[in-house]
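Remarks on the structure that follows.
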Amino acid sequence: MTAVKAAPFDPLALASRLGAAAEKAGFRREAFGEAGGVPLLALTRRTPGPRPRIHLSGGIHGDEPAPPLALLALVEAGEFDGRATWFLCPMLNPQGFSRGTRENAAGVDLNRDYRHMESPEVRSHVRWLRRQPNFDLTLCVHEDWEARGFYLYELNPEGRRSLARPMVDAAAGACPVDTSPIIDGREARDGVIRPPGDPAQREKWPESIYLIANHTRQSYTIESPSSLPLEARVAALMAALRAALEVATRDGA
Ligand SMILES: [Zn+2]
């Protein structure tokens, strides 16, 4: 069943705001496709010298408005500075926002489509990703309508310095943390899910699995609880992202 929840913004207007704010912040703005007349935005800002390359994405589920708003607020706040080279895809499913649905207009959950790539949105994103260098870190920003608090998934197969705890601790300043032992059907500890086994064996790939299989060796999917007021969810996501970026860029990562 598809829940219909109107987005608190018009996706075309938000895309314009995102693009304008990013250009002002020194980003290059590019559309790697479009959906329902709204550009699929990629915003890149390269810093000379050895810097971590960080990909942040959001808005893949059209009933989760906080992620694109959090990314916009971070762009406007100047968070994406000379500490890293940045790759932002802030609204991957504009039609979902137009329609108030998790899925795109064809009813496809884009975050299960990265293995078979049946949707034009995911195909366009992947085509764009293949033109980028590998990333040191990817952060996929989400919300969860069933969660009791903030939580995240960590994919860190090489055991690199974990960003999970700093993110959860930072989010806890803005919203509750979901401390359930089972979240989304998976074993969790203090708001952190580390999916066991080889996630690439799954039949349907979320964006994070595709990224870890092809573009990065460390990836997080962060989730704010949709039951809270929008401002609290945006604040929790921003706090978690800021914490991750601080640690990831601290010593040139
Ligand atoms: Zn989601």
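The values are calculated or read from the model by the stated rules, or taken from the named source; none is laboratory data. This one's a predicted model, so the numbers in the text were calculated from it and none came from an experiment. Every residue, glycine as well, gets a Cβ built from its backbone with ideal geometry; the counts of neighbours run over all protein chains shown.
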Subject >> Criterion: surrounded by fewer than 17 Cβ atoms within 10 Å (Cβ to Cβ), among the basic types (K, R) and touching a strand residue (DSSP E or B) at 6+ places or on another chain (Cβ under 9 Å) - qualifying residue of R28, R51 >> reply: R28
Original post:
For E76, all conditions in the list (1) surrounded by fewer than 19 Cβ atoms within 10 Å (Cβ to Cβ); (2) of a type outside the set (S, T, Y); (3) over 18 Å from the mean Cα position of the chain (by Cα); (4) more than 16 Å from the ligand (Cβ to nearest atom) hold save one; what is the number of the exception?
Top reply: (3)
Subject >> Hey, S226 crowded, with 19+ Cβ neighbours inside 10 Å, at pLDDT below 95 and within 16 Å of the ligand (Cβ to nearest atom) or not >> reply: yes
Original post:
Given the conditions (1) closer than 21 Å to T85 by Cβ; (2) assigned to a loop (DSSP other than H, G, I, E, B); (3) out of contact with any strand residue (DSSP E or B) (no Cβ under 6 Å at 6 or more places or on another chain), which single one is not true for F135?
Top reply: (3)
**OP:** Just give me the residues in segment 43-73 being under 13 Å from the mean Cα position of the chain (by Cα) and more than 16 Å from the ligand (Cβ to nearest atom), in sequence order.
**Re:** I54, H55, L72
**OP:** Select from segment 110-121 the residues that are touching a residue at least 40 places away in the same chain (Cβ under 8 Å) and either in contact with a Cys (Cβ under 6 Å, 6 or more places away or on another chain) or within 16 Å of the ligand (Cβ to nearest atom) (or both) and list them in ascending order.
**Re:** L110, N111, R112, D113, Y114, E121
**OP:** Could you check, for segment 186-193, whether at least one of its residues is among the β-branched types (V, I, T) and within 15 Å of the ligand (Cβ to nearest atom)?
**Re:** yes
**OP:** Go through segment 108-158 residue by residue and tally those that are among the charged types (D, E, K, R) and either crowded, with 24+ Cβ neighbours inside 10 Å or touching a Lys or Arg at 6+ places or on another chain (Cβ under 9 Å) (or both).
**Re:** 9
**OP:** Would you check if there is a residue in segment 142-160 being in a loop (DSSP other than H, G, I, E, B), touching a residue at least 12 places away in the same chain (Cβ under 8 Å) and in contact with a Phe, Trp or Tyr (Cβ under 8 Å, 6 or more places away or on another chain)?
**Re:** no
